[in-house]
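The values are calculated or read from the model by the stated rules, or taken from the named source; none is laboratory data. What you are looking at is a predicted structure, and each value in this text was computed from that prediction instead of being measured. Here the Cβ positions follow ideal geometry from the backbone for every residue, glycine too, while neighbour counts run over all protein chains shown.
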Amino acid sequence: MTCGFPSKGGELGKKTRVRGQCWSAAASEDRHAEIFISPVEDDRATVAAILAHEMIHAALPDAGHKRPFQIAAASIGHKAPFTSSEATPEFMEWAEALLDSLPPYPHRRLNAMRPVAQKKKQTARMIKCECAECGYTVRTTRKWLESVGAPICPTEGHGRMQHDPIDGNEDDDD
């Protein structure tokens, strides 16, 4: 077991993130299962729940999250959905004595440059522009909105279109 990013799904900034991963013994040259716990996790109970989940995968490498895995996970207090590994009160009751006998988890949370799971700013998206009077809609780039402003509606007399905010500034609507 090690603290490290999983091979996929561990990227920072994604909406969903893999918190733990188990590689079966068949994938390792030394025939040992390899377990990764994300370095953005540092809560003892959370890490214990993730580790227990991944150890079940190591013990039952062909089960995935199917029935044999579910039975094993339920026996230590995990609850559905079995694809996640939350530290339920039932799990903590099962794990507390063991956790109390161990030293603190020797890792502190890795803080990313932006909060984990926060969406990245979409710098290249097309911004919707709409005429407030007739609903005529076009999309253009942020570059053109910033350099020359919103397009003008082709219907005579309607003027400049309104558009979605640029950079989250709600007051930009010209």
* Out of the stretch 90-109, which residues are over 17 Å from Met1 (Cβ atoms) and surrounded by 10 or more Cβ atoms within 10 Å (Cβ to Cβ)? -> Glu90, Phe91, Met92, Glu93, Trp94, Glu96, Arg109
* Taking the stretch 67-116 only, how many residues are more than 19 Å from His53 (Cα to Cα) and in contact with a Lys or Arg (Cβ under 6 Å, 6 or more places away or on another chain)? -> 0
* Lone qualifier among Ala87, Ala73, Ala95 - being of a type in the set (A, V, I, L, M, F, W, C), in the same structural domain as Pro39 (by TED's automatic domain parsing) and part of a loop (DSSP other than H, G, I, E, B) -> Ala87
